[in-house]
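The values are calculated or read from the model by the stated rules, or taken from the named source; none is laboratory data. These numbers were taken from a predicted model, which means no experiment stands behind them. Because the Cβ atoms are built from the backbone with ideal geometry, glycine has one as well, and the counts that use them run over all protein chains shown. For the accessible areas, the whole protein counts, side chains as well, though only heavy atoms, and no ligand, DNA or RNA atoms are used. Shrake-Rupley method; radii C 1.70, N 1.55, O 1.52, S 1.80 Å.
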Amino acid sequence: MKTRNRPILSWFLLILANILWACSYVAAKYALRDISVFMMNALRMMLAAIVLLPFLIVMRKDLKLTRGDLPQLALLAFIGLVINKTFEFGGLSLSTASDVALLITSESIYTAVFSWLLLRERFKPLTGIALLLGFAGVYLIVERSLIPNIPAGGGIMRVLGDLMVVLALIFEAFYTVRGKALLVKHSPLLITAATIVGSAIIWIPIAGGDILLTGWHPLSLAAWLGVGWLALMSTVIAYFAWFKGLAMIDGSAAASTLFVQPLLGTILAIVLLHDQLLLTTIVGGILIIASVYLISRSSRVPAKDTPTIY
């Protein structure tokens with residue numbers, strides 16, 4: 001009975017993570033009204049690290065860390081929670097929450113590519129078709145038309161923001177695939193806590209430099225609530241739930257839960273932030289969701305063991 005319930009719990013955790021991440025784009029928009037992208041990410045990771053560091057200290061004897069593990073965890077922290085978050089929320093500051101929520105589903109496309117390259121998964125024709133659909137969806141969301149077009153009135157910055165988000169998703173996909181491989185040896189709590197605490201070490205001097213250059217400006221209650229949500233719900237709980245779910249579910253199949261983000265994130269952005277939704281944005285979102293669905297269908301083969309990435 002317990003074995004049968006584990007996949008159900010894993011799917012629940014994966015969906016929960018995506019619900020929390022979907023809300024993060026609206027929360028970030030409120031925080032970015034008062035602080036820079038760098039300061040917001042620094043506060044987010046430092047607060048999350050304060051919560052998780054005690055767990056690392058208490059459980060240090062059971063973590064089974066070796067010297068060889070430290071570079072891999074450091075790489076995960078730098079790519080997944082420093083570089084990725086810089087591009088992701090830097091792009092969000094130039095674009096809209098609804099655009100980012102829709103683009104986020106294309107992460108499964110890049111996850112599939114990394115799975116072929118790093119996990120040596122077999123290429124499937126259906127997955128290739130899904131990739132083409134996904135890239136077409138990304139193109140429509142970024143360009144907002146069939147013909148390449150830079151909108152007037154600051155639209156070029158929104159396009160730049162969308163492209164930054166796409167780049168961030170490539171780093172995020174690498175973070176997911178490599179983190180999935182490490183789950184063979186380490187617990188979800190270790191991967192979550194170690195990478196977040198490691199990223200905070202990098203974010204602290206970045207925050208100091210930001211204060212020296214621009215000074216410290218008092219945050220509004222809405223901004224603090226946004227940062228608090230990002231730190232506790234979208235970082236501590238969401239990443240732990242994500243890696244906990246990945247421990248029992250194949251990574252490419254788990255990526256199908258990403259469609260929760262465009263559906264919920266776009267609704268929140270329209271209701272709370274009054275984002276404008278164009279027809280090309282809707283069509284692009286549908287193509288990306290179709291791509292995710294096809295990838296998940298083509299990947300429903302039980303994985304025996306997750307191979308190690310070299």
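Quick notes on this one:
- Packing rank of 185-192, 218-225, where each peptide gets the mean count of other beta carbons within 10 Å, highest leading: 185-192, 218-225
- Over the range 150-243, accessible surface divided per residue gives 41 Å², non-protein components excluded, 1.4 Å probe.
- Accessible-area composition of the range 123-239, carbon plus sulfur, in percent [1.4 Å probe]: 82
- Shape call, the range 35-136: gyration tensor on alpha carbons, a/c limit 1.5: oblate
- Within-13-Å neighbourhood charge of His217 [Cβ basis; K, R +1; D, E -1]: -1
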